[in-house]
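Okay, structure first, notes after.
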Amino acid sequence: MPVVEKETIKKGPGRAIVSYKVRSHANDPFFVKKNAEAKEALSKIDLSLLKKK
Amino acid sequence: MTPKLNTMNLPHYNYFTRNNYLDYEFYSEGPKGRVKKIVLFTKMQDNPLVYNLAFGDEDPDTGVVSDLVITDNKDTKIVLATVANTINDFCDRHGDHYIFAIGSTKARTRLYQIGISSMLNEISVDFEILGSKNGVLYAFQKNVNYDSFLVKRK
């Protein structure tokens with residue numbers, strides 16, 4: 001028996017399913033911390049290459 | 001002519017979102033069971049506009065999200081393809097902006113890098129992929145260790 005349930009895996013163009021069950025994580029401490037770390041890491045990168053595009 | 005296999009054609013899990021198209025979730029399924037994965041896009045800065053992609057597992061009992069546990073559900077490619085699909089969906093709603101990703105540890109960042117490398121041919125059809133190293137951005141190459149990543153849909 002396959003370990004992964006194949007019916008849950010899709011192939012081809014996908015679209016997110018909008019669900020009221022998906023809660024906001026904007027204020028979740030984990031993501032707040034992750035975003036702060038990301039912001040600090042991003043601030044150390046020279047992004048001038050991106051602005052030229 | 002055989003069409004190129006792109007991210008959208010790779011096997012992926014069903015994924016769900018709120019009506020803000022910033023929060024996404026899906027379930028990884030494998031030997032370790034069913035694990036809820038959360039993907040969150042957060043605006044980091046303007047000019048250039050960059051969003052952060054943060055990713056973690058939600059504990060089914062406590063609801064606490066973490067990325068310090070390695071799920072090891074033997075479905076890394078499917079998980080990565082699903083995350084790539086959430087990026088596509090996010091871009092459909094918010095535009096083709098740069099998306100930043102960094103692991104919580106060097107080992108986690110290395111895992112992201114291995115995942116990107118393993119699917120580079122497919123991912124690069126849809127996305128421009130950059131890696132940063134010591135504060136400098138480079139076009140992503142296999143077998144190079146990067147500090148973080150920036151992707152943008154083409």
Original post:
Looking at the stretch B:39-59, which of the residues that are within 10 Å of chain A (Cβ to nearest Cβ) and part of a loop (DSSP other than H, G, I, E, B) is surrounded by the fewest Cβ atoms within 10 Å (Cβ to Cβ)?
Top reply: B:Asn47
Original post:
Exactly one of (1) in contact (Cβ under 8 Å) with a residue 12 or more places away in the chain; (2) under 27 Å from B:Leu130 (Cα atoms) is unmet by B:Pro60. Its number?
Top reply: (2)
Subject >> Counted residues, the stretch B:13-25 - those being in contact (Cβ under 8 Å) with a residue 60 or more places away in the chain and either assigned to a loop (DSSP other than H, G, I, E, B) or within 15 Å of B:Phe41 (Cα to Cα) (or both) >> reply: 5
Subject >> Residues that are more than 24 Å from B:Lys32 (Cα to Cα) and in contact with an Asp or Glu (Cβ under 8 Å, 6 or more places away or on another chain), drawn from the stretch B:63-119 >> reply: B:Asn88, B:Ile102
Original post:
B:Asp75 fails exactly one of the following numbered conditions: (1) facing another protein chain (nearest Cβ under 7 Å); (2) touching a helix residue (DSSP H, G or I) at 6+ places or on another chain (Cβ under 6 Å). What is the number of that condition?
Top reply: (2)
Original post:
Out of all the residues in the stretch B:93-103, is one or more more than 17 Å from B:Leu150 (Cα to Cα) and among the aliphatic types (A, V, I, L, M)?
Top reply: no
**OP:** For the stretch B:35-46, indicate whether the set of residues that are over 25 Å from A:Lys39 (Cβ atoms) and not aromatic (Phe, Trp, Tyr) is non-empty.
**Re:** yes
Original post:
Mind checking whether some residue in the stretch B:5-22 is closer than 28 Å to A:Ile45 by Cα and either facing chain A (nearest Cβ under 9 Å) or at pLDDT 90 or above (or both)?
Top reply: yes
Original post:
Which pairs have Cβ atoms under 7 Å, sit 6 or more apart or on different chains, and link a residue in the stretch B:109-120 that is touching a residue at least 12 places away in the same chain (Cβ under 8 Å) to one that is surrounded by fewer than 16 Cβ atoms within 10 Å (Cβ to Cβ)?
Top reply: B:Arg110/B:Asn145; B:Gln113/B:Asn145; B:Ser117/B:Lys142; B:Ser118/B:Lys77; B:Met119/B:Lys77; B:Leu120/B:Lys142
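The values are calculated or read from the model by the stated rules, or taken from the named source; none is laboratory data. Keep in mind that this is a model prediction, so the values were computed, not measured. Glycine also receives a Cβ, built like all others from the backbone with ideal geometry; neighbour counts cover every protein chain displayed.
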